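Inspection log for the structure reproduced underneath, given as structure tokens.
The values are calculated or read from the model by the stated rules, or taken from the named source; none is laboratory data. Everything quoted here is computed from the prediction, not taken from an experiment. Note that each Cβ is placed from the backbone with ideal geometry, even for glycine, and that neighbours are counted across all protein chains shown.
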Amino acid sequence: MEILDPIPEARVLSLLLTLQCTAECMHCGTNSSPRVKSRLTEATAARLIDEAAQADYHVIAFTGGEPLLYGQSLFDLVRRAARYGLATRVVSNAYWARTDDSAARIVGALAAAGLKEINFSTGDQHARFVPMSNVIRAARASLDHKLKVAVMIETVKERSITRETFLNDPLFVEVFDGAEREMIYFCESPWMPLNPNQYLDYPDNMAVTADNIEQCTGCDSVINTTTVLADGRVMACCGLGTQQIPELQLGNVDDGSVTEMRSRAENDFLKRWIRCEGPERILQWAATKDTAIAWEGLYAHRCQACVRLYSDEAVRSVIREHYEEKIVDVLAAEWLTHTYQPVQPVEA
Amino acid sequence: MASKSTSLVLSGPEFTTRAVNFAHLMAAPTFQKQFFADPSAVAAREFGLKVTASAASRSNAMVFALLGDKQFNNWAKDFQTEIDTSFQSIAGAANLSDVQKALKSKQTRDQLVAKFNSSVAQHLSAETTAKLSAINKGPLVSEGDVAIILLTFVVVVVVVAVAAGVANPAEIVSRQQVQLVARQITAAQAAKVRTSGR
């Protein structure tokens, strides 16, 4: 494949197996906590994986809540997805890595089931419940089993846990050599409140403004990721705060197949527009139609910009009134991304 | 904020029918050319849509022209190869943090820009190339030069977007990056971008 060839559409199935979690972070994007007991049945999850495999999905992500609270069924589902040749990812807070032995045992079993990638969620909120040392032990065990490892760190302006904190942690320095440290992908991601009217302080240049909006890409989650919550609701993306956006809810797992759910999302122009340009550019566009719409400097996490887009009646009105002017642009951009095959003349 | 109105799902036939028709029409090369030459007119004629000549329409037309341009494709391929072979700190980085670190080095940035300048020499006039050599960084979207699309690749996409963790170093030159850059081009700049027509 050449670098400027058409780009295949991404297809990810994200299963929030349980919303129960050992942590209870403030602003948790999925409203998870130790008290929430909702749980997707293993039979349903297995059926969804089968459908995804038939529908050319590429990745199955197991998340939550804390997916390791799902018990043996998690390992069975990872094995099922791996048998289809699908890439598999688990997103965990590493509560289970209290010792080297427990970390090695859990990761070893996941790797044996066919897991390819593991992401750890951490930061100041998560660390109130799960110490950084657990994440380090879990990352160590994951590298031992040749898994891809990512550490996602909550980011606000004032915080104690950063990528540097990890790199300088005595345990981290002790258990990883220089080359191994480079194999761990750290992502410092903005931490966002679910309330669109509540704003956190972020490091400089993290919140989107007219000066940095050119760096905003389309949303790679909406439509491309079909998300199933533990209570059976199916979402059009894996974004934070989706539970409070009715328009991103596609139905229930019993209402149709994974393919049908994806089709519902694809039939909505707004979701395709968000996928093409991202919610930040749409807010910026809406502000050109209604100058009372303020957006600059408010959103570091694009999911919060998306919550605003869907919850602010002023923005909704502009979209409803003027969206037709964007239809051909978005369709053309999609076509250029995924379909266009230039006809090149034969060399003389 | 006022209370929310009815559901904001834009899935009526006014969209879905047009989407199907658009895909069908775009299968014909002659229609493709017509569309990108004047998207507003085609939108009105074929889809009954009133569309102003927006920046996004221009950017799509520019991407269409560039992707179909043999010389541009060759340049992109060569430039990607150059980065892979000459900038191990970028191409061989295990993660984005290391790419960001590498690009913080002025020496690396300067080398990258120099390599870029030399790689576009075949695509641009000698006079333009000479002008570019004097430019190392900055918001080049404000430069009114025929080279703007190529220049923004390196300074906006490669240096800024990759350094900010937005772009994947393995996909520095890709369709999505071309589109990302093209959306930033002003009308005056877009008018000056030219392709070889081959």
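I'd like the full set of residues that are touching a Leu at 6+ places or on another chain (Cβ under 9 Å), under 14 Å from A:Asp231 (Cβ atoms) and not in a strand (DSSP E or B), limited to region A:5-43. Within region A:5-43, A:Leu19, A:Thr30, A:Asn31, A:Ser32, A:Val36, A:Lys37, A:Ser38, A:Leu40 meet the criteria. Reported count of residues in region A:286-320, each being assigned to a helix (DSSP H, G or I) and either touching a residue at least 24 places away in the same chain (Cβ under 8 Å) or closer than 14 Å to B:Leu8 by Cα (or both), is 20.
Does any residue of region A:253-272 turn out to be within 28 Å of B:Lys50 (Cα to Cα), away from every other protein chain (no Cβ under 12 Å) and out of contact with any Phe, Trp or Tyr (no Cβ under 9 Å at 6 or more places or on another chain)? No: region A:253-272 contains no residue that is within 28 Å of B:Lys50 (Cα to Cα), away from every other protein chain (no Cβ under 12 Å) and out of contact with any Phe, Trp or Tyr (no Cβ under 9 Å at 6 or more places or on another chain). Restricting attention to region A:181-197, the residues that are free of Cβ contacts under 8 Å to residues at least 40 places away in the same chain and either more than 13 Å from chain B (Cβ to nearest Cβ) or within 21 Å of the chain's Cα centre (by Cα) (or both) total 5.
Filtered by the rule that a residue be at the interface with another protein chain (Cβ under 7 Å from one of its Cβ atoms) and not basic (Lys, Arg), region B:66-82 gives B:Leu67, B:Gly68, B:Asn73, B:Ala76, B:Gln80. Annotation: of all residues in region B:39-67 being of a type in the set (Val, Ile, Thr) and surrounded by 17 or more Cβ atoms within 10 Å (Cβ to Cβ), the one that is nearest to the chain's Cα centre (by Cα) is B:Val63. Among residues of region B:12-29 that are within 17 Å of A:His322 (Cα to Cα), those with a beta-carbon under 6 Å from a residue that is modelled with pLDDT under 90 and not basic (Lys, Arg) at least six positions away or on a different chain give the pairs B:Arg18/B:Phe47.
Of the residues making up region B:44-65, those that are within 7 Å of another protein chain (Cβ to nearest Cβ) and touching a residue at least 60 places away in the same chain (Cβ under 8 Å) are B:Ala56, B:Asn60, B:Val63.
Considering only residues in region B:4-38 that are surrounded by fewer than 13 Cβ atoms within 10 Å (Cβ to Cβ) and facing another protein chain (nearest Cβ under 7 Å), the one that is nearest to the chain's Cα centre (by Cα) turns out to be B:Pro29. Checked against the criterion of being more than 30 Å from A:Tyr340 (Cα to Cα) and crowded, with 16+ Cβ neighbours inside 10 Å, the candidates A:Pro67, A:Pro34 yield just one match: A:Pro67.
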